[in-house]
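Working notes, structure below.
Only the coordinates and a few stated rules stand behind these numbers; no lab work does. All figures in this text were calculated on a predicted structure; none of them were measured in a lab. A quick note on method: Cβ atoms are made from the backbone with ideal geometry, for glycine too, and the neighbour counts reach across all protein chains shown.
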Amino acid sequence: MRAPDRHTTMPTDTASLVTAATAGDESAFAQLSARHRRELQVHCYRMLGSFEEAEDMVQETFLRAWRKRETYAGRASFRAWLYRIATNACLDRLERAPREIPADADPARVFEVPWLQPIPDSVLDDDPHATVAARETIELAFIVAIQHLPPQSRAAFILRDVLDWSAKDTAAALEISVPAANSALQRARETLRDRLPEQRAAWPAGTDATAAERQLLQEYMAASERGDGQALIATIRRDARWAMPPETLSVVGNREMLASWEQGGFGTDKMGPMRCVVTRANRQPAIACYIQRPGDDVFRPLALDVLRIEDGLVAEILSFAPPAFAAFDLPETV
């Protein structure tokens, strides 16, 4: 696209922007697109389970929308039109490069979704539509579960049950009949009933959740930095699970976790001291772990641990490799 005329006075109301954008005004189109970038990124992330691919699909969405701008007839909002394009861009991506998960796959085996990546809460907080990034529809357990759905069922479920679209609008977006859209949604709901973990309270009733979470994270980080295994597992449920997607590793039980970590050098000179930084991913607390290897003078990224809390203790840890740090604007060294 060419650069806009610097002397052009831009309209500010949505109707005028849409009129200008669909008539070929690149500045108006860019302004409209910017309004919806974050929520479309979240939508594509749910569809694909990959933060990096979601960013690519948002760019693809805007390119398609610009090329097809003259087809926007105003029967739906410009926002809904962009969602329709984004959904089909993701479906095309999944058709070009299918990602198969065995039908009998264990939902607890996160490594069967090797493309899984966390999404920073900073992206979710930038979304002007809070319901689009509601916690129960963005937590990693939910993202893993919907990756087991066939692409069309996944899209139908997200449009209907997450975004609250009508059956008619969902069918139009997917270019299928209303009965077909309803059938896809029903299949999705049935699958998710088996795959989504039971919803449990993070904190006991009457607890100051913010203060309690802060205290738990402080204890978790302090134990990690001291290399104190017993203090660390005291913050973790006995039946907790730890996984490192895409590695084929899944450990259940806090003592079993500690044994695995100690085998890797935790708490010994073999690994070196650790430093931790708090962040958030998928509406969950996350700990960026840095390590100072023997002979090094700085702490370098080791893993990003995304935590799920139940009844005041860590119930699940999903650890992501250092490349995940970049999306969170975390320091390269500490």
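Highest mean first, the peptides 43-56, 74-87 sorted by other C-beta atoms within 10 Å per residue fall in the order 43-56, 74-87. The phi torsions of the range 271-277, fed into the Karplus equation with coefficients 6.51, -1.76 and 1.60 and a -60° offset, translate into couplings of 8, x, x, 10, 10, 10, 10 Hz, rounded to whole numbers, with Gly and Pro shown as x. For the chain, a Gaussian network of Cα nodes joined below 10 Å ranks V42, V298, V306 by mean-square fluctuation, and the top entry is V298. Of the DSSP H helices in the chain, none is both long (alpha-carbon extent of 20 Å or more along the helix axis) and hydrophobic (Kyte-Doolittle mean at least 1.6).
Equivalent ellipsoid of the range 146-269: semi-axes from √(5λ) of the C-alpha gyration tensor, largest first, are 42, 19, 12 Å. Among G272, G295, G312, the largest mean-square fluctuation in a Gaussian network model of the chain, built with springs joining Cα atoms closer than 10 Å, belongs to G295. Can you tell me the relative contact order of the chain? Whole percent, Cα pairs under 8 Å, sequence separation 6 or more. Relative CO of the chain lands at 14 percent. For the chain, the 222 nm mean residue ellipticity estimated from helices alone, with every DSSP H stretch of n ≥ 4 adding -39500 (n - 2.57) and the total spread over all residues, rounds to -13500 deg cm²/dmol.
A Cα-only calculation for the range 10-98 places Rg and Dmax at 13.0, 42 Å.
What do you get for Rg/Rh over the range 209-328 if you use C-alpha atoms and the Kirkwood form of Rh? Across the range 209-328, the Cα-based Rg/Rh ratio is 0.93.
Extension gain for A30-E136 works out to 35.0 nm (0.36 nm per residue, less the C-alpha to C-alpha distance).
Taking label points 7 Å from Cα along the Cα-to-Cβ direction, Q230 and E52 give a separation of 4.2 nm. Beta bridges from DSSP with both residues in the chain: antiparallel share about 85 percent, rounded to the nearest 5.
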